[in-house]
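K.L.:
I have a structure here, written as structure tokens, and I will follow up with some questions on it.
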Amino acid sequence: MATSFYIKAKPEEKGFATLFVRVQSFKLKVNHRLSTHMEVSIPTWYKAESDVKAMKKFREKEPAMWAKLDKMKNTLDTILSEGTAPTKEKVVTIINEIVYADVLKEQEEALAKAKAAEEEAKRMTLAKYIDGFIKSIENGTRLTEKGTVFTDGSVRTIKTSNKQFQKFQQSKKRTYDFADIDMQFYYDFLAYLKKRDYSINSVGKIINQFKWIMSCAQAEGYHTNTAYKNPKFKGNRVQVDTIYLTQEELDKMNAADLSELEPGTAISRDIFMVGVYTAQRISDYNNIKKEDIHTTKKRWIEDIPDEEHPGETKAVIREKEITYIDIHQKKTGAKVSIPCKKELVEILEKYNYELPHFEDQTINRHIKDIARVAGLTDLVTIETSKGGVRKKETIEKYKLVMSHTARRTGATLMYLAGIDIFDIMKVTGHTTPEMLKRYIKADQLDVVQKLTDKYDYID
């Protein structure tokens, strides 16, 4: 009972011959002769069979082959010793598994790698989710919680936040997935954003948007990580100083000679003033159409002195025509109605109710130039936050004027004119008095100018 190896070539032959294995057991009636699929040198094989030193040298020269032959012999002899008669097919399987072990291993590894790659391609990762998220809000297939499409400004903000996340990953030389978003990620990302000199509010907005995306992904079943819900994992916001323009400053800007400034500056001034007169975001008043403007008449009874009967009064009917604009705010979805100042109507008529569209950066550049030419060079001390540090800066006022200043100015001048704060909310779209007061810095204005007769805001 034994397993042995042999070749069919004659000893005097040269070259190589196929090595065969013989599995034999008289007791079990087994006698299989099969190829090992390996070749050996004919002279070397016969010399090694008759010389112990030659066999040792042969084994040292061909260790991989002899390791396979030894394993083959031990495996087959063990089966025979256990009293089991291996079939020819069983022996062939054993030979192939041993001889082609490296090939089989490579095949298995290749299959496993391909399967892993296929599964990875199917698996939703944080990077793929964010890309899909942005595409869905761009094409309108993902809506806001109020069921409205995301505004262009919201889309830009989310894309900017993702851009910073991408740069952060590059700085760390790693790719973060859902499971990696923990408190250490938060501290590292926060430090990165602060190092780039972002304001506290900008950092807070980026962090909160990231949390929101993580929340959406979890709700959709793509991960179970809840570390981002830790109360310490948050985007902070602080109240920082912003400016508004007085009516005198607006008058100076309207009267400013813009002939020396670049083309389009006068258009930017008109766009800015529409923002002042409507107290709306630029994304809302940029889309005003003629059909959005309505006219109605207000009638009331007024008692006046009766000239024919001294000491008595008589009732007369008064009438006033009121022009207003209906706007659906993109960000909130709210419909607001805005009384029209005559200056507002004049600007809209100037462009045939097709107000030109400029990028925010263009308007901001133009409006600063206008404010400078208009003489808005007084020094203003404001509190800012950069790199996580709050500090006070003294800056010429014109440098602080931007497109959003128009909306804040409009709301503030209404407040200073004595218009009821709840009525202002109906125009601006703010949902609570507290939000509006923070927006227009009401607490400071109460002390300085509130309810003066200085501004006759709405004619």
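Only the coordinates and a few stated rules stand behind these numbers; no lab work does. Since the model is a prediction, treat every value here as computed from it, not as a measurement. Methodologically, a virtual Cβ is constructed for each residue, glycine included, from the backbone with ideal geometry; neighbour enumeration extends over all protein chains shown.
K.L.:
Just want the answer: with Cβ charges of +1 for Lys and Arg and -1 for Asp and Glu, which residue in Asn139, Thr226, Thr160 is farthest toward the dipole's positive end in segment 126-229?
P.N.:
Thr160
K.L.:
I would also like to ask the following. To the nearest 0.05, what FRET efficiency results for Ala255 and Glu119 with a Förster distance of 56 Å applied to their C-beta separation?
P.N.:
With a Förster radius of 56 Å, E is 0.25.
K.L.:
Further question on the same structure: Given axes a ≥ b ≥ c from the Cα gyration tensor, I'd like to know whether the chain is rounded (a/c under 1.5), prolate (a/b larger than b/c) or oblate. Let's see the in-between values first.
P.N.:
Details: a/c = 4.42, a/b = 3.70, b/c = 1.19.
Prolate, since a/c reaches 1.5 and a/b exceeds b/c.
K.L.:
Here is a further query. Determine, for each peptide in 245-254, 136-145, 214-223, 368-377, the mean count of other beta carbons within 10 angstrom over its residues, then list the peptides with the highest first.
P.N.:
Packing proxy ranking, top to bottom: 368-377, 245-254, 214-223, 136-145.
K.L.:
Taking 0.36 nm per residue of separation and subtracting the Cα-Cα distance, what length does fully extending Lys232 through Ile421 add?
P.N.:
Working it through step by step, the gained length comes to 64.5 nm.
K.L.:
A further question on this structure: List, in the order given, every pair from Lys350/Lys426; Lys14/Lys71; Lys298/Lys330; Lys128/Lys167; Lys205/Lys234; Lys14/Lys47 whose Cα-Cα distance in the structure shown is over 20 Å.
P.N.:
Lys350/Lys426; Lys14/Lys71; Lys298/Lys330
K.L.:
Would you pull out the residues with amide H under 5 Å of Phe16's amide H, same chain only if 5 or more places away, H placed 1.01 Å from N?
P.N.:
Ile42
K.L.:
By the gyration tensor of its Cα atoms, with a ≥ b ≥ c the square roots of the eigenvalues, what is the shape of segment 33-175: rounded for a/c under 1.5, prolate for a/b over b/c, or oblate?
P.N.:
Numbers: a/c = 6.10, a/b = 3.28, b/c = 1.86.
Prolate is the answer for segment 33-175, as a/c is 1.5 or above and a/b outweighs b/c.
K.L.:
Separate question: Mind putting a number on the dipole of segment 197-251 about its Cα centre? Charges go on the C-beta only, +1 for Lys and Arg and -1 for Asp and Glu, and I need it in Debye to the nearest 20.
P.N.:
The calculation lands at about 700 debye.
K.L.:
Can you give the FRET efficiency for Lys399 and Val52, using 1/(1 + (r/R0)^6), R0 = 60 Å, r = Cβ-Cβ distance, to the nearest 0.05?
P.N.:
The value I calculate is 0.05.
K.L.:
Here is a follow-up. Would you work out the charge dipole size for the chain about its Cα centre, treating the Cβ of every Lys and Arg as +1 and the Cβ of every Asp and Glu as -1, and quote it to the nearest 20 debye?
P.N.:
The calculated dipole for the chain is roughly 3480 debye.
K.L.:
Taking N as the number of residues in segment 2-106, what value does Rg over Cα atoms divided by 2.2 N^0.38 Å take?
P.N.:
On the way: Rg = 14.3 Å, N = 105, 2.2 N^0.38 = 12.9 Å.
Relative to the 2.2 N^0.38 Å estimate, segment 2-106 comes out at 1.11.
K.L.:
A further question follows. For n ≥ 4 DSSP H runs only, could you compute -39500 (n - 2.57) per run for the chain, divide by its residues and tell me the 222 nm figure to the nearest 500?
P.N.:
Mean residue ellipticity at 222 nm (helix-derived): -15500 deg cm²/dmol.
K.L.:
So how compact is segment 126-229: Cα radius of gyration and Dmax in angstrom?
P.N.:
Rg, Dmax (Cα atoms, Å): 13.6, 38.
K.L.:
Enter the Cα centre distance for the pair segment 286-305 and segment 184-215, rounded to the nearest angstrom.
P.N.:
What the calculation gives is 47 Å, centre to centre.
K.L.:
Which listed residue (Asn254, Thr93, Phe58) has the Cα farthest towards the positive end of the charge dipole for the chain, taking +1 on Lys and Arg C-beta and -1 on Asp and Glu C-beta about the Cα centre?
P.N.:
Going by the charge dipole, the pick is Phe58.
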